[in-house]
Every structure is written in C-alpha cells, then in structure tokens.
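Asker: Pasting a structure below so you can have a look.
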C-alpha cells in the first residue's frame with residue numbers, strides 16, 4: 001500500500017510586512033558620516049529641487065522581526081520539499097557544496113570590471129564548463145550572458161539578425177519557423193526580435209509534417225527554432241531531414257535543448273546538423289531555479305556563427321583566460337556583463353560530480369522512470385495519455401489528460417493541482433499554451449526521485465481522482481491544508497481591483513478611508 | 001552505463017537493482033530499448049570528452065576552492081568599481097533568507113503550494129513602490145538594461161512611435177542592451193535611439209537639445225537619476241513636462257539606494273521607472289547579482305503592456321483572508337506566445353526576495369541614513385582626490401555615489417594608474433577613457449557605505465605615491 005502523506009502547511013496568518021512595526025523601530029543602522037567627512041563637505045549635498053521631502057512609507061521593524069517574518073514566509077513555501085515531478089522543468093538536487101562555494105567572497109564579492117588577472121579562477125571554471133558543453137553538443141563556443149532559457153532563445157534571434165545583416169539580407173530573411181508546440185519563448189523572442197513567426201501544426205503522429213516544413217521555409221526564412229523531444233515525450237525522428245530542408249533554404253537551425261535530460265550524452269546537436277543550441281543550467285545542470293531565477297541559458301554555436309555572439313567571450317590565451325570584447329561583428333549584448341556567474345559555477349559542479357558516466361545513467365533513469373510512471377498512471381481511471389495511438393515508449397516526460405475524469409466529475413486539471421498541494425506535493429505542470437489535449441498535465445520523473453517517491457506521487461494522483469468521484473466539492477474548493485485557502489481570481493483582470501503594491505491595495509480597498517474614519 | 005558504478009548521491013535510482021525493478025515492472029529488457037523513438041543514426045558517434053568525475057563531495061569541494069582561490073575579490077582588496085554593479089553592504093539576514101532551501105529551491109514554484117514566496121514577492125513590489133511613490137511594480141527582469149529595453153518597447157506600443165531619446169553619456173553596457181531590444185535598422189519595428197547632448201559643466205541633459213529633438217515621432221525620453229557618470233538630474237520634472245507636452249512617455253532609471261535622500265520619481269512626473277535590484281541586498285557576484293525592475297503608475301495603458309509577472313493581492317475563499325496571484329497573466333508570452341508582450345521566463349525573482357528583506361530591514365530612516373552616508377563619503381572622496389596634483393574631478397558637486405576622476409594632467413593613463421593601484425591592493429575606478437565621452441583619461445569611481453573615511457584616505461595616499 002502506497003503511503004499517502006498526511007500534510008498541513010505552516011499557517012502563520014502572517015501580516016503583509018507593510019502592516020508591521022511601530023514608528024521609530026529599526027532593523028538596520030548606518031553610522032553617521034565621520035566628522036572629517038562632514039567638516040569637509042557639509043550636509044547640503046543634494047540639489048534642492050531633488051531633495052526627498054516625504055518619508056518613504058516603509059515598515060519600521062526590528063532585525064529579529066524581519067528575520068522571523070521572512071522565515072515564516074519560507075515555512076509557508078513548499079519549495080519542493082515534498083515531491084515535485086514538474087514537467088519541462090527537470091527537478092534536480094541542488095548541491096549545497098556548490099551553493100556554499102559561491103557564497104564565498106571569491107565569487108560573491110567579485111566585480112565583473114576587475115582586471116582579468118584577478119578573475120582567473122572564475123574564468124577557468126567558466127572556460128572548463130564551456131568545454132564540457134561543447135562536448136555534449138558538438139558546438140564550438142558557449143556564452144552564458146543570457147539570464148534564462150528564454151533569454152538564450154532571444155540570443156539566438158539576435159545572432160541570426162547579425163548573421164543576416166552581415167550578408168545584407170536582413171530585409172529579406174524576415175521569418176522564423178517553429179512547431180506549434182515549441183516552448184512559447186521561441187516564437188515570443190523571435191517576434192520581439194522583429195521576425196514574423198510561422199507556426200507548424202502538429203499531425204497525428206505528434207509532430208509537424210516534413211511537407212509542412214518544406215512549404216513553410218523559403219528564401220525569407222531567417223531561422224528555425226525547435227525542441228526535440230517535445231513535452232508529449234515524442235521524439236521527431238525526421239529531425240535530420242528537417243535540418244537538411246531548412247539549410248537548403250539557407251535558414252539557421254537552433255536546437256532548444258529544454259528537454260535535454262532524456263537525451264543527454266545520447267545526442268549531439270552538431271551531429272544532427274544544428275548551427276546552435278541552448279542548455280538551461282537551472283534545469284538539466286543542477287543549478288537552482290529559485291522560483292524563477294537567477295537562471296542561465298547557455299548558448300552555444302558553431303565557429304561560423306561565433307563572430308556574431310554577444311560580448312564578451314571568455315577565451316584561453318596561453319596559460320591565462322581573458323575576456324574578448326573586440327568582436328566587430330557581434331550582435332550586441334542581450335544583458336549586462338557575462339552572465340549569472342554563481343549559477344555557472346554550480347552547473348560546472350554538477351557536471352563534474354556526475355561525470356560522463358553519471359550523465360549517461362541519469363538520462364537512462366529519467367526515461368525508464370517516466371515510462372514506469374506512464375504505466376502506473378494508465379491504471380488510474382479517468383486519465384488518458386496524449387497521442388494514445390502512438391504505441392512507443394515515451395522519452396523523459398509525457399503529456400497526460402484528465403479529460404475523461406473532468407467529463408465524469410467536473411473536476412478540472414486546475415482543481416486537481418490545487419488539491420495536490422494539500423498532500424505536500426508540488427502541483428504538477430499542466431501545459432504551455434495552446435492546450436492540445438483537454439485538461440492537461442505533464443509529469444517528469446528525472447533521475448532525482450526514487451521509485452518510492454514516484455509511487456507516492458502516483459498514489460496521491462489516484463487518491464485525488466477518487467475524491468473527484470466521491471466528493472468533487474472537496475477538490476474544487478482545495479487547497480484545505482495549505483497556509484491559505486484558494487485565492488479568488490476575480491481581481492486579476494480588473495483594473496479597479498488589481499493591486500500590485502500595498503499602496504494600491506490601500507487605495508482600492510478603502511483601507512485608507514477606514515483608517516481616516518477611525519482617526 | 002556500468003553496473004559496478006557506485007550509486008551517485010544525487011540519483012536515487014542509481015542504487016543497485018532500482019532501474020531493473022522499474023524495467024521489470026514495465027516489461028522492458030533494457031534502458032536502451034526505451035529509446036526506440038530515436039533512429040539509430042541519430043545517436044552521437046563521438047564519445048563525451050569530460051574530465052574525470054568528482055563524485056565525492058570532498059573532491060568536488062577541493063576542486064572548486066582550488067580554482068576559486070585564484071580570484072582576488074573586493075573584500076580582500078579595496079575596490080572603487082561600480083557602473084552597473086556596486087559594492088554595498090548586504091545584511092546577514094538577507095543572506096539567511098535567500099539561502100533558505102524553500103526559496104533557493106530547484107522548483108519554479110506553484111501558487112497553491114508556495115504562498116510565502118508569493119507574499120515575499122508582493123512585499124518586494126510594495127516596498128519598492130513606497131520608495132518610488134508608484135503603484136505598480138513588476139517582478140524584476142534580467143537586468144536594468146533589459147528593464148530599459150522592455151520599458152522603451154512598452155512606450156513604443158503605447159504611443160505607436162519609434163524613437164527614444166537618451167543621454168549622450170549613457171552607460172555603454174546598458175546602451176548595448178537597449179540597442180539590441182530596439183532591433184537593427186533593417187527591421188520594420190526598429191526603434192531609433194537618438195542621443196541628447198549634456199551640459200559639459202554639470203553632466204545634466206541639455207534641455208535645448210532635448211526640445212529640438214522632441215516631436216511627433218518620439219515614443220519616450222529616457223534619463224537616469226543619478227546618471228551613469230554619477231550626476232544628479234535636477235531638472236527631472238522639467239524633462240518629464242517637456243516629454244508629456246510632446247506626447248512622449250518619460251522613462252526614468254533610478255538607483256533605489258538614493259531614494260532616502262533624492263525625490264521619488266513618482267513625484268516628478270515619471271511614467272515608467274526602471275532600475276537595478278542589485279543594490280538592494282544582492283552581492284555583486286561578478287555581475288551575476290544583477291536584475292532590473294520596471295514600475296509605473298496604476299493605469300491600464302501601462303499595466304496592459306508589462307511583459308512579465310505582476311503579483312496582485314487578492315481575497316481567498318476564506319472570509320477576511322488575503323493571498324496573492326498573477327494579474328493579467330494572459331498578456332505575457334506564456335499566455336500568448338508570439339502575440340504576448342515581448343517575452344518572459346525564468347528571471348531574477350530570488351533577488352525580489354532579497355530586496356524585500358533588505359527594504360524591510362532599512363525602513364524609512366535606514367534609507368535616509370544610507371543615502372546621507374553614501375553621498376557624504378562620495379563627495380569627501382571626490383574632494384580629497386581633487387587635491388592630488390594632476391587629478392581633476394570632472395563634475396565635483398553634482399554627483400551621488402559615482403564621479404568621474406580625470407588623470408590628463410598627470411601624464412599617465414588610467415590603465416597604468418589602475419595597474420599600479422592593483423599591485424597595492426586597490427581596484428581603481430572603471431576606466432572610461434575609451435568611451436565616447438570626450439573626457440580624456442578618466443575613471444568612474446564609486447564610493448558607498450562600505451568605504452570608510454580611512455579607506456578614502458588610503459586611496460588618496462596610495463594614488464599620491466603611485467603618481468609621484
């Protein structure tokens with residue numbers, strides 16, 4: 001019998017920090033300027049027109065109150081301390097060894113404009129890790145400036161612009177071709193970069209047809225952006241032909257390696273013909289996501305595209321490492337400096353700890369565990385696998401549908417996710433837009449979780465499916481065991497009610513009037 | 001895969017027999033069989049070329065530290081570098097909170113299960129809003145430069161115009177990012193970046209030149225306060241007024257640690273405000289500590305153009321209880337793909353939590369004291385440096401924490417002076433001599449609350465020695 005967690009989140013009824021404290025309370029004191037300073041420069045230092053006259057309406061609390069308040073908030077955050085099989089995000093253990101290394105002043109207190117002679121350690125790590133990514137992908141050069149996977153996709157579009165501009169063809173190569181189910185960041189960054197987006201629809205077999213691609217690419221195509229396998233767990237076996245067709249039209253080919261975990265060590269983007277690729281260090285490579293960054297999209301490309309990369313490049317020059325800023329064909333920067341350095345150090349640590357054999361084993365485990373999970377999920381009534389006609393083992397994640405259960409009970413995938421939180425299980429990933437199956441969810445087991453963890457997770461899914469049949473109201477009104485009850489969504493699209501700051505909330509909720517009335 | 005391999009501490013199913021148990025359950029003979037979707041000729045032929053694995057913690061730690069100790073850092077040395085990343089004091093409580101595994105987690109986080117995280121995000125926006133005197137603050141994007149890029153594109157969508165006016169003395173790093181966001185000229189939706197002159201006497205924007213460049217095509221005027229080279233823009237309200245009269249949006253980039261002593265941008269007519277989050281309790285991390293916020297007034301025309309995550313407070317099903325969720329989620333790229341507002345994804349949200357803790361520790365008086373301390377010590381440094389033979393301070397009385405130090409009369413280059421300083425444990429200011437500013441051999445020095453009067457005297461003493 002699977003153990004179902006009995007769980008209740010910490011519940012502190014914690015006030016918003018803006019409501020806390022008392023006039024004059026202090027959490028942090030600063031010394032007054034030294035006498036010699038004040039004597040020399042006086043106190044009248046800000047141009048009078050710009051002197052702040054009001055007192056910022058910030059809380060006034062003690063150091064301990066700040067600590068306790070934010071510890072309470074951390075306690076009311078599950079933060080993967082249950083089980084999270086959150087598809088497309090590849091949950092990993094984040095090494096504290098690596099984390100602590102990056103808290104040291106040798107990383108934390110570095111300035112990117114220091115002379116490179118004083119940065120040799122961190123440059124060496126970045127360079128060594130670059131070489132490991134080159135080996136994994138076959139590419140010739142990586143950069144880490146992009147602050148996430150979407151930013152790496154944006155880097156690709158910026159590199160493509162510079163590439164076509166260099167050929168005097170940017171006015172002609174105006175389109176980006178992708179699959180309708182590619183991650184939204186690919187079409188979105190291409191559009192923001194100024195390209196017209198061409199989406200290819202999916203066929204019965206789960207991916208767009210080669211014919212559709214052939215019809216879509218032309219001498220207008222600047223680039224194609226693809227992920228493979230997709231979030232359904234389906235691998236496009238025609239990918240080599242795709243790359244060939246795109247290249248015959250002159251287009252650049254970008255491999256979005258968001259779903260790398262199942263194929264790491266198995267595939268090489270370069271051997272498949274791609275010109276560039278990206279890895280997410282906060283997913284596949286064991287750096288934290290931290291609830292949405294700081295993250296790193298490591299962008300790699302061939303020598304042919306390298307002249308167009310954002311600066312600086314970190315290169316080896318004899319026994320030294322230097323920053324190469326002198327690159328006249330560079331597309332310009334996508335972000336200041338050279339990237340989220342601590343996350344690169346953590347990813348380096350992950351890759352060194354895993355080693356080549358560990359990485360191979362991890363991809364095996366992630367694919368085996370996903371298919372094990374598929375078998376168990378298939379035994380739960382009301383759940384349906386995506387593309388049910390495809391009778392092949394899936395890759396490292398699979399898209400599922402709660403459609404039949406929803407039809408029978410009215411319980412939706414959103415309700416279901418809310419209820420999962422009641423068991424100390426992170427709600428699953430549903431699907432990117434557009435939803436191509438009804439009431440979707442997308443689990444990914446990865447190599448971190450044990451078979452027992454996966455069994456527990458499936459046990460919870462089965463339990464909630466049962467609850468949906470016996471007590472749908474319980475599921476629809478979830479969560480019940482969380483720090484707070486279900487949030488009502490009516491304010492989020494209503495300009496009269498949304499409040500993105502406490503100031504706005506006070507103004508819109510009438511709190512100000514109440515306070516005035518009481519006074 | 002080798003059966004004899006010891007189970008890696010980060011992989012539960014690497015334990016002997018675990019993989020086989022799952023294979024048995026699903027009726028497969030081997031892991032390889034499960035890769036049947038991949039054609040044989042797709043598998044890589046070149047073996048991985050990795051250094052030996054460091055699977056034990058003790059070996060991994062040794063490797064990391066042996067490399068990292070080759071760095072020289074700003075704690076062991078005395079650094080005056082700024083220009084986009086600044087050395088500020090980080091309270092210990094901030095480090096404790098952002099290090100909590102619930103926050104520094106591998107999960108992206110779900111709204112139902114991560115209420116505390118949601119609240120911390122809202123508190124970041126709320127406190128920053130109180131410093132800015134603005135009602136809408138988005139969770140931070142990748143950097144200040146990226147925030148500027150998004151803000152200018154917001155202005156383009158709002159006004160339907162395709163030109164942005166910026167200071168001639170803009171930070172080349174941020175400007176490069178902005179130009180990327182504004183697209184090359186060959187693209188139809190290109191935004192032209194037009195430079196506005198500055199007064200050579202004080203570094204402030206030349207309003208006559210600004211007036212001459214404002215017109216029907218201008219989507220936005222962008223200026224910083226304090227500006228890249230440290231100067232305080234005292235005619236901010238007039239710039240905003242001129243921009244508004246010309247139908248353009250006013251975008252202001254500000255340093256949040258200046259807001260205890262400098263007027264809130266919401267009070268002088270800024271429409272959209274951007275700035276760095278790194279000064280709010282985030283270590284420099286070799287540039288890995290950057291993040292950029294975007295804020296505005298609470299008007300739908302702005303709110304409906306944000307690219308990322310707007311966290312709103314909301315009621316729950318329980319009477320009297322409040323929670324948090326995303327406002328206007330459908331307009332971002334997750335909701336609308338290529339039809340969304342620019343794009344979003346993993347960003348720098350942990351630094352929103354750092355900022356929330358930092359601002360709650362400082363409070364109104366902390367920000368006032370901090371601003372006073374910084375501007376006092378920075379002016380003191382400028383004054384003492386100006387007394388060193390051959391050294392000139394370019395704009396001595398108009399700056400906040402950064403200022404330009406000119407070495408022309410010393411006959412030495414900044415690179416040369418900085419080499420000599422470095423040999424004596426001092427990182428001199430950023431060399432801006434090769435930037436197009438007409439300022440000769442100059443360096444941008446940064447002085448903050450971490451620099452004592454004694455540190456400043458040490459710098460001056462060492463410079464005198466170096467310049468002898």
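The values are calculated or read from the model by the stated rules, or taken from the named source; none is laboratory data. The structure displayed is predicted, hence computed values, not measured ones. Don't worry about glycine lacking a Cβ; one is built from the backbone with ideal geometry, like all the others, and counts go over all protein chains shown.
Asker: Hey, any hits in segment B:281-303 for a residue that's under 17 Å from residue B:158 (Cβ atoms), modelled with pLDDT of 95 or more, facing chain A (nearest Cβ under 9 Å) and part of a loop (DSSP other than H, G, I, E, B)? First the steps, then the outcome.
Answerer: Within segment B:281-303, the subset under 17 Å from residue B:158 (Cβ atoms) is B:294-303.
Okay, now just the ones that are also modelled with pLDDT of 95 or more, so B:294-303.
Filter again for facing chain A (nearest Cβ under 9 Å), leaving B:295, B:298-300, B:303.
With the extra rule that they be part of a loop (DSSP other than H, G, I, E, B), the set shrinks to B:298-299.
Yes, there is a match, as at least one residue in segment B:281-303 is under 17 Å from residue B:158 (Cβ atoms), modelled with pLDDT of 95 or more, facing chain A (nearest Cβ under 9 Å) and part of a loop (DSSP other than H, G, I, E, B).
Asker: Tell me the residue from A:468, A:438, A:462 that is assigned to a helix (DSSP H, G or I) and surrounded by fewer than 24 Cβ atoms within 10 Å (Cβ to Cβ), please. Show your work before the answer.
Answerer: Values: A:468 fails: surrounded by fewer than 24 Cβ atoms within 10 Å (Cβ to Cβ); A:438 fails: assigned to a helix (DSSP H, G or I).
The conditions single out A:462.
Asker: Exactly one condition in (1) surrounded by fewer than 24 Cβ atoms within 10 Å (Cβ to Cβ); (2) within 19 Å of the chain's Cα centre (by Cα) is false for residue B:297; which is it?
Answerer: All conditions are met except number (2).
Asker: Let me ask something else. Taking segment A:395-423 on its own, how many of its residues are under 22 Å from residue A:456 (Cβ atoms), assigned to a loop (DSSP other than H, G, I, E, B) and in contact with a helix residue (DSSP H, G or I) (Cβ under 8 Å, 6 or more places away or on another chain)?
Answerer: Of the residues in segment A:395-423, 4 are under 22 Å from residue A:456 (Cβ atoms), assigned to a loop (DSSP other than H, G, I, E, B) and in contact with a helix residue (DSSP H, G or I) (Cβ under 8 Å, 6 or more places away or on another chain).
Asker: Looking at segment B:162-190, which of the residues that are more than 10 Å from chain A (Cβ to nearest Cβ) and in contact with a strand residue (DSSP E or B) (Cβ under 7 Å, 6 or more places away or on another chain) is nearest to residue A:172 (Cα to Cα)?
Answerer: Here is the first cut: in segment B:162-190, the ones more than 10 Å from chain A (Cβ to nearest Cβ) are B:162-170.
Going one step further and asking which of them are in contact with a strand residue (DSSP E or B) (Cβ under 7 Å, 6 or more places away or on another chain), we end up with B:162-169.
On the way: B:162: 21, B:163: 23, B:164: 26, B:165: 29, B:166: 30, B:167: 33, B:168: 32, B:169: 34 Å.
The qualifying residue nearest to residue A:172 (Cα to Cα) is B:162.
Asker: Given (1) out of contact with any strand residue (DSSP E or B) (no Cβ under 6 Å at 6 or more places or on another chain); (2) free of Cβ contacts under 8 Å to residues at least 60 places away in the same chain; (3) outside any loop (DSSP other than H, G, I, E, B); (4) more than 29 Å from residue B:207 (Cα to Cα), identify the lone condition not met by residue B:326.
Answerer: (2)
Asker: If I ask for residues that are more than 30 Å from residue B:405 (Cβ to Cβ) and in contact with a strand residue (DSSP E or B) (Cβ under 6 Å, 6 or more places away or on another chain), which ones from segment B:192-218 would you list? Steps first, please.
Answerer: To start, the set of residues in segment B:192-218 that are more than 30 Å from residue B:405 (Cβ to Cβ) comprises B:192, B:211-218.
Passing the criteria: B:192, B:213, B:217, B:218.
Yes/no per residue for (1) within 22 Å of residue B:241 (Cα to Cα); (2) buried (at least 23 other Cβ atoms within 10 Å of the Cβ); (3) touching a residue at least 60 places away in the same chain (Cβ under 8 Å):
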site: B:182; (1), (2), (3): no, yes, no
site: B:195; (1), (2), (3): yes, no, no
site: B:206; (1), (2), (3): yes, no, no
site: B:221; (1), (2), (3): yes, yes, no
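Asker: Taking segment B:102-131 on its own, how many of its residues are part of a loop (DSSP other than H, G, I, E, B), free of Cβ contacts under 8 Å to residues at least 12 places away in the same chain and touching a helix residue (DSSP H, G or I) at 6+ places or on another chain (Cβ under 8 Å)?
Answerer: Number satisfying all stated conditions: 4.
Asker: Across segment B:314-344, what is the number of residues that are within 7 Å of chain A (Cβ to nearest Cβ) and on the phi > 0 side of the Ramachandran plot?
Answerer: Residues flagged as within 7 Å of chain A (Cβ to nearest Cβ) and on the phi > 0 side of the Ramachandran plot within segment B:314-344 amount to 3.
Asker: Next question. Against the condition surrounded by fewer than 24 Cβ atoms within 10 Å (Cβ to Cβ) and more than 7 Å from chain A (Cβ to nearest Cβ), how does residue B:100 come out, does it pass? Even if it seems obvious, please write down each step before you answer.
Answerer: Values: surrounded by fewer than 24 Cβ atoms within 10 Å (Cβ to Cβ): yes; more than 7 Å from chain A (Cβ to nearest Cβ): no.
Spelling it out, it is not the case that residue B:100 is surrounded by fewer than 24 Cβ atoms within 10 Å (Cβ to Cβ) and more than 7 Å from chain A (Cβ to nearest Cβ).
Asker: Given the condition surrounded by fewer than 22 Cβ atoms within 10 Å (Cβ to Cβ) and part of a loop (DSSP other than H, G, I, E, B), answer yes or no: does some residue in segment A:278-290 qualify? Full working, then the answer.
Answerer: Our first condition is that a residue be surrounded by fewer than 22 Cβ atoms within 10 Å (Cβ to Cβ); within segment A:278-290, this holds for none.
No, that holds for no residue.
Asker: Same structure, new question: When the residues of segment B:55-74 are filtered to those that are within 7 Å of chain A (Cβ to nearest Cβ) and surrounded by fewer than 20 Cβ atoms within 10 Å (Cβ to Cβ), which remaining residue is modelled with the lowest pLDDT?
Answerer: Pass one, segment B:55-74, residues within 7 Å of chain A (Cβ to nearest Cβ): B:55, B:57, B:60-61, B:63-65, B:67-74.
Subsequent filtering for residues that are surrounded by fewer than 20 Cβ atoms within 10 Å (Cβ to Cβ) retains B:55, B:57, B:61, B:63, B:65, B:69-70.
Numbers: B:55: 94, B:57: 97, B:61: 98, B:63: 98, B:65: 98, B:69: 98, B:70: 98.
By that ranking, first place goes to B:55.
Asker: Here is a further query. From B:375, B:388, B:404, grab the single residue that is within 22 Å of the chain's Cα centre (by Cα) and not in a helix (DSSP H, G or I). Before the answer, list the steps.
Answerer: Details: B:375 fails: not in a helix (DSSP H, G or I); B:388 fails: within 22 Å of the chain's Cα centre (by Cα).
Of B:375, B:388, B:404, the one residue that is within 22 Å of the chain's Cα centre (by Cα) and not in a helix (DSSP H, G or I) is B:404.
Asker: Is segment A:475-493 home to any residue that is within 10 Å of chain B (Cβ to nearest Cβ), at pLDDT below 95 and outside any loop (DSSP other than H, G, I, E, B)?
Answerer: Checked against the condition, which is being within 10 Å of chain B (Cβ to nearest Cβ), at pLDDT below 95 and outside any loop (DSSP other than H, G, I, E, B), segment A:475-493 yields no hits at all.
Asker: Would you confirm whether any residue within segment B:9-24 is within 7 Å of chain A (Cβ to nearest Cβ), in contact (Cβ under 8 Å) with a residue 12 or more places away in the chain and more than 30 Å from residue A:62 (Cβ to Cβ)? So that I can check it myself, show each step before the final result.
Answerer: Start the filter on segment B:9-24 by keeping residues that are within 7 Å of chain A (Cβ to nearest Cβ), which leaves B:10-14, B:18-19, B:21-23.
Those still in the list that are in contact (Cβ under 8 Å) with a residue 12 or more places away in the chain too: B:19.
Subset that is more than 30 Å from residue A:62 (Cβ to Cβ): B:19.
Yes, that holds for at least one residue.
Asker: A further question on this structure: Is it fair to say residue A:36 is at the interface with chain B (Cβ under 7 Å from one of its Cβ atoms) and part of a loop (DSSP other than H, G, I, E, B)? Explain how you work it out, then say what you get.
Answerer: Working: at the interface with chain B (Cβ under 7 Å from one of its Cβ atoms): yes; part of a loop (DSSP other than H, G, I, E, B): no.
Judged against the criteria, residue A:36 is not a match.
Asker: Follow-up question, since we're still on this one. Sort out which residues of segment A:43-100 are more than 7 Å from chain B (Cβ to nearest Cβ), part of a loop (DSSP other than H, G, I, E, B) and over 29 Å from residue B:370 (Cβ atoms), and write them in order of number.
Answerer: Once the filter is applied, which keeps residues that are more than 7 Å from chain B (Cβ to nearest Cβ), part of a loop (DSSP other than H, G, I, E, B) and over 29 Å from residue B:370 (Cβ atoms), segment A:43-100 yields A:82, A:85, A:87, A:88, A:90, A:95.
Asker: Still on this model: Can you spot a residue in segment A:424-431 that is assigned to a loop (DSSP other than H, G, I, E, B) and closer than 19 Å to residue A:388 by Cβ? Can you show your working first?
Answerer: In the first step, residues of segment A:424-431 are kept if they are assigned to a loop (DSSP other than H, G, I, E, B); the result is A:424, A:426-431.
Filter once more, so that each one left must be closer than 19 Å to residue A:388 by Cβ: A:430-431.
Yes, segment A:424-431 contains at least one residue that is assigned to a loop (DSSP other than H, G, I, E, B) and closer than 19 Å to residue A:388 by Cβ.
Asker: State whether the residues of segment A:162-172 include one that is in contact with a strand residue (DSSP E or B) (Cβ under 7 Å, 6 or more places away or on another chain), part of a helix (DSSP H, G or I), at negative phi and more than 9 Å from chain B (Cβ to nearest Cβ). Please lay out each step first, then the result.
Answerer: Narrowing segment A:162-172 to residues in contact with a strand residue (DSSP E or B) (Cβ under 7 Å, 6 or more places away or on another chain): A:163-164.
Still in the list and also part of a helix (DSSP H, G or I): A:163-164.
When the remaining residues are screened for being at negative phi, the result is A:163-164.
Now narrow it down to the ones that are more than 9 Å from chain B (Cβ to nearest Cβ): A:163.
Among the residues of segment A:162-172, at least one is in contact with a strand residue (DSSP E or B) (Cβ under 7 Å, 6 or more places away or on another chain), part of a helix (DSSP H, G or I), at negative phi and more than 9 Å from chain B (Cβ to nearest Cβ), which makes the answer yes.
Asker: Test of understanding: among A:424, A:446, which residue is within 14 Å of chain B (Cβ to nearest Cβ), under 30 Å from residue B:15 (Cβ atoms) and within 21 Å of the chain's Cα centre (by Cα)? Spell out how you get there, then give the answer.
Answerer: Numbers: A:424 fails: within 21 Å of the chain's Cα centre (by Cα).
It is A:446.
Asker: Please indicate, with yes or no, whether at least one residue in segment A:452-471 is closer than 30 Å to residue B:300 by Cβ and under 25 Å from the mean Cα position of the chain (by Cα).
Answerer: Of the residues in segment A:452-471, the ones closer than 30 Å to residue B:300 by Cβ are none.
No, there is no match, as no residue in segment A:452-471 is closer than 30 Å to residue B:300 by Cβ and under 25 Å from the mean Cα position of the chain (by Cα).
Asker: When you scan segment B:405-418, do you find a residue that is out of contact with any strand residue (DSSP E or B) (no Cβ under 7 Å at 6 or more places or on another chain), within 12 Å of chain A (Cβ to nearest Cβ) and at pLDDT 95 or above, even just one?
Answerer: No, that holds for no residue.
Asker: For segment A:104-130, name all the residues that are surrounded by fewer than 24 Cβ atoms within 10 Å (Cβ to Cβ), in contact (Cβ under 8 Å) with a residue 24 or more places away in the chain, closer than 25 Å to residue B:415 by Cβ and at the interface with chain B (Cβ under 7 Å from one of its Cβ atoms).
Answerer: Selection gives A:120, A:124.
Asker: For segment A:291-311, which residues satisfy the criterion of being farther than 15 Å from residue A:89 by Cβ, assigned to a loop (DSSP other than H, G, I, E, B) and within 23 Å of the chain's Cα centre (by Cα)?
Answerer: Here is the first cut: in segment A:291-311, the ones farther than 15 Å from residue A:89 by Cβ are A:294, A:298-311.
Right, trim to assigned to a loop (DSSP other than H, G, I, E, B) and you get A:294, A:302-305, A:309-311.
Answer for segment A:291-311, where residues must be farther than 15 Å from residue A:89 by Cβ, assigned to a loop (DSSP other than H, G, I, E, B) and within 23 Å of the chain's Cα centre (by Cα): A:294, A:309, A:310.
Asker: Limited to segment B:382-399, what total is found for residues that are in contact with a strand residue (DSSP E or B) (Cβ under 7 Å, 6 or more places away or on another chain) and under 19 Å from residue B:451 (Cα atoms)? Spell out how you get there, then give the answer.
Answerer: So in segment B:382-399, the residues in contact with a strand residue (DSSP E or B) (Cβ under 7 Å, 6 or more places away or on another chain) come out as B:382, B:385-386, B:391-395, B:398-399.
Adding the requirement that they be under 19 Å from residue B:451 (Cα atoms) leaves B:382, B:385-386, B:393, B:399.
Residues meeting the conditions: 5.
Asker: Can you tell me which residue is nearest to residue B:211 (Cα to Cα) among those in segment B:238-255 that are within 13 Å of chain A (Cβ to nearest Cβ) and crowded, with 18+ Cβ neighbours inside 10 Å?
Answerer: Looking at residues that are within 13 Å of chain A (Cβ to nearest Cβ) and crowded, with 18+ Cβ neighbours inside 10 Å, I get B:239.
Asker: Further, regarding this structure: The conditions are (1) surrounded by fewer than 20 Cβ atoms within 10 Å (Cβ to Cβ); (2) facing chain B (nearest Cβ under 9 Å), and residue A:334 fails exactly one of them. Which is it?
Answerer: Residue A:334 satisfies all of (1) surrounded by fewer than 20 Cβ atoms within 10 Å (Cβ to Cβ); (2) facing chain B (nearest Cβ under 9 Å) except (1).
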